[in-house]
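What follows is calculated from the coordinates using simple rules that are stated; it is not laboratory data. Everything numeric in this text was worked out from a predicted model, so none of it was measured. Note that each Cβ is placed from the backbone with ideal geometry, even for glycine, and that neighbours are counted across all protein chains shown.
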Amino acid sequence: MSKLKFIVLFFVIYSGFLSMSGQDRYMLAPVPKLVIEKDGLPQKPTLQQQQTVSVYDYAHMLTDAERKKLQEKISKYNDSTSTQIVIATIKKLNDDISLYATEWAHKWGIGQKNKGNGIFILISRDDHKITIRTGYGVEHLLTDALSRRIIERDIIPYFKQGKFYEGLNAALDTIQKILSGEFTNDTSDSESWPFWAVFLFIFFMIIIIALVFGNSSGSSGSSSGGGPIIYTSSGSSSSWGSSSGSSSFGGGFSGGFGGGGFGGGGATGSW
Amino acid sequence: MKKLLTALAPFLAIAFLLYVTVGRYYNNAIVYQEDAKTAWSKVESAYQRRADLIPNLVNTVKGYAKHEKETLEAVIKARAAATQTKIDPTNITPEQLAQFQQAQQGLSGALSRLLVTVEKYPELKADKHFLELQSQLEGTENRIKVERDRFNDAVNVYNIHIKKFPGRLFAGLFGFKEMARFSSEKGAEKAPKVEF
């Protein structure tokens, strides 16, 4: 009877916790101010901004709700594949948009450093131009020809009608389809402790627990006490910390930009 | 013995300081030199990428425009000339680089003439394969520009390092030579401006 009560209580608290974290996920961080630095390129966002924003709508082409939806899609995709997609809109650009966007993405370091799996989409509103820039590691999948096709088939038809969200949303879907299965998210593994360190840590924890609880009477105490402690300690060191960060921030990349490089691949079109 | 040591101490200290300074200078020069070489290899691979696209492009155009033999042959010749001009990355001299740049520009010219002729063939322009090649070519031209700029930047860092005051004294000693850079094309220096 009391056990049943306990289970019910547990679920009530747990579901409350879930809905709370769900609400956090829906919080939309503002787009940071566009600051052009000496090199002529926008300032790299702070880590917190990188974690909360992936659509830098400087030219106000999207509503908050639209930006939120795009960011959720991008963020979710990053969680499962570590591939980072960033969208930016600017009002006007007095330069070759392909080269400018390449240097912009290279400076910000979009994508993981060792994988080069970053994609940058830049829209120049008053020039009616859009460019897709591909990082070194995705060039062979999202080729220049495919980037061009995405622009011509997914983006331009919508953009011509002023439907910017729909165009970008369709482009994201196609990009994710093209890249599907190529990258997996093992960044949290590589950043956390090596396997042997976790193993040693758990091993010593077991010994300490065994020493502490071994002297006191109950044998059931040692097993029920030992289990959860090991579970939470190993969990908090890696996965729990990073995943809780990403869900409460939302919209960006939990680890920030990874330092991926861009070499000029991609395509540009105008509507 | 003790006296001798105290007398030598300042000299030893100076020798040590000199050793550290020169060592740091030398190591940095090596790092910058390697960076520039890496940047060069990326320049080369971007040009190679373009050369690799050309046989396909020529074949596709041939299918539609048989009468453009001359233009097509010019492209093939220019490609051969461009791929034959190689540079020793350990010793990039201005003459070598100028030669390389000239050969590549010859290919650029032949290619753009080919793309102008294509305008006469609407069926070719609509060919799916041709359109894909065209966008790959555009992307590759972009890559070339990007990697050239980065190479120039890397060489700049290296050259400044070996020409600045203390470095100047040691550069000759270790045989560090100034590296050549790409001469810029028209309009490349303009700083971009974003409005917001």
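Given a Förster radius of 41 Å and the C-beta distance between B:Glu141 and B:Glu34 as r, what FRET efficiency does 1/(1 + (r/R0)^6) yield to the nearest 0.05? Between B:Glu141 and B:Glu34 the formula returns 0.90. Under 5 Å from the amide H of A:Gly265 lie the amide H atoms of A:Thr134, each residue being 5 or more positions distant or on a separate chain, with H modelled from the backbone and absent for Pro and chain starts. Amide H contacts for A:Lys163 (H built 1.01 Å from N in the peptide plane; partners 5 or more residues away or on another chain; cut-off under 5 Å): none found. For the pair segment B:44-108 / segment A:114-177, the C-alpha centres are spaced 30 Å from each other. If you take all other residues with their beta carbon under 12 Å from the beta carbon of B:Gly63, and give Lys and Arg +1 and Asp and Glu -1, the sum is -1. With θ taken as phi - 60° and the Karplus curve 6.51 cos²θ - 1.76 cosθ + 1.60 applied, the whole-hertz 3J(HN,Hα) list for segment B:90-104 is 7, 8, 8, 9, x, 5, 4, 5, 4, 5, 4, 4, 5, 4, 5 Hz, x standing for glycine and proline. Tell me, what is the FRET efficiency for B:Gln84 and A:Ile178 to the nearest 0.05, using R0 = 51 angstrom and their Cβ-Cβ distance as r? Using R0 = 51 Å, I get an efficiency of 0.90. I'd like the orientation of helix B:165-174 relative to chain B: the angle between its Cα long axis and the longest Cα principal axis, in ° from 0 to 90, rounded to 10. Helix B:165-174 sits at roughly 80 degrees to that axis.
Axis angle, to the nearest 10 degrees, between helix B:2-64 and the longest C-alpha principal axis of chain B: 0 degrees. The alpha-carbon of A:Lys177 sits under 19 angstrom from the alpha-carbons of these lysines, leaving out residues fewer than 8 places away in its chain: A:Lys69, A:Lys73, A:Lys76, A:Lys115.
Give the total of Lys-Lys pairs in segment B:2-126 with Cα-Cα distances below 23 Å; include a pair only if its members are 8 or more places apart or on different chains. Taking segment B:2-126 as the scope, the lysine pair count is 13. The Stokes-Einstein estimate for segment B:61-113, based on a Kirkwood radius over Cα pairs and taken at 10 °C with 1.306 mPa s viscosity, is a diffusion coefficient of 131 µm²/s. The Stokes-Einstein estimate for segment B:16-174, based on a Kirkwood radius over Cα pairs and taken at 10 °C with 1.306 mPa s viscosity, is a diffusion coefficient of 88 µm²/s. Taking 7 Å steps out from each Cα toward its Cβ at B:Gln99 and B:Phe174 produces label points 2.9 nm apart. Phi-derived couplings, Karplus 6.51 cos²θ - 1.76 cosθ + 1.60 at θ = phi - 60°, listed residue by residue for segment A:197-206: 5, 4, 4, 4, 4, 4, 4, 5, 4, 4 Hz, with x used for Gly and Pro. Note on segment A:36-187: Cα convex hull, mean projected area over all directions, 8.5 nm².
FRET efficiency for the B:Lys125 to B:Lys77 pair, using the beta carbon distance and R₀ = 25 Å, is estimated at 0.55.
Sequence-distant contacts, meaning Cα pairs under 8 Å at least 6 residues apart, place the relative contact order of chain B at 31 percent.
The charge dipole of chain B, taken about its Cα centre with unit charges on the Cβ of Lys, Arg, Asp and Glu (plus for the first two, minus for the last two), comes to roughly 720 debye. Angle check, please: helix B:128-163 long axis (alpha carbons) against the longest principal axis of chain B (alpha carbons), in degrees 0 to 90, nearest 10. Roughly 20 degrees, rounded to the nearest 10.
The C-alpha radius of gyration of segment A:86-167, expressed as a fraction of 2.2 N^0.38 Å, stands at 1.08.
When you filter the trypsin sites (Lys or Arg not before Pro) in segment B:66-124 for DSSP loop state and at most 16 other Cβ atoms inside 10 Å of their Cβ, you are left with B:Lys66, B:Lys86, B:Lys120. Residue by residue, segment A:48-62 carries 3J(HN,Hα) couplings of 5, 5, 4, 7, 10, 10, 10, 10, 8, 7, 5, 9, 6, 9, 10 Hz when phi is fed to the Karplus relation 6.51 cos²θ - 1.76 cosθ + 1.60 (θ = phi - 60°); x denotes Gly or Pro. Using +1 at the C-beta of Lys and Arg and -1 at the C-beta of Asp and Glu, which of B:Thr71, B:Ala36, B:Gln102 has the Cα lying farthest in the positive direction of the dipole of segment B:16-174? Sorting the options by dipole projection puts first B:Ala36.
Placing a label point 7 Å from the Cα of A:Asp126 along the Cα-to-Cβ direction, the residues of segment A:80-109 whose backbone N falls under 14 Å of that point are A:90-95.
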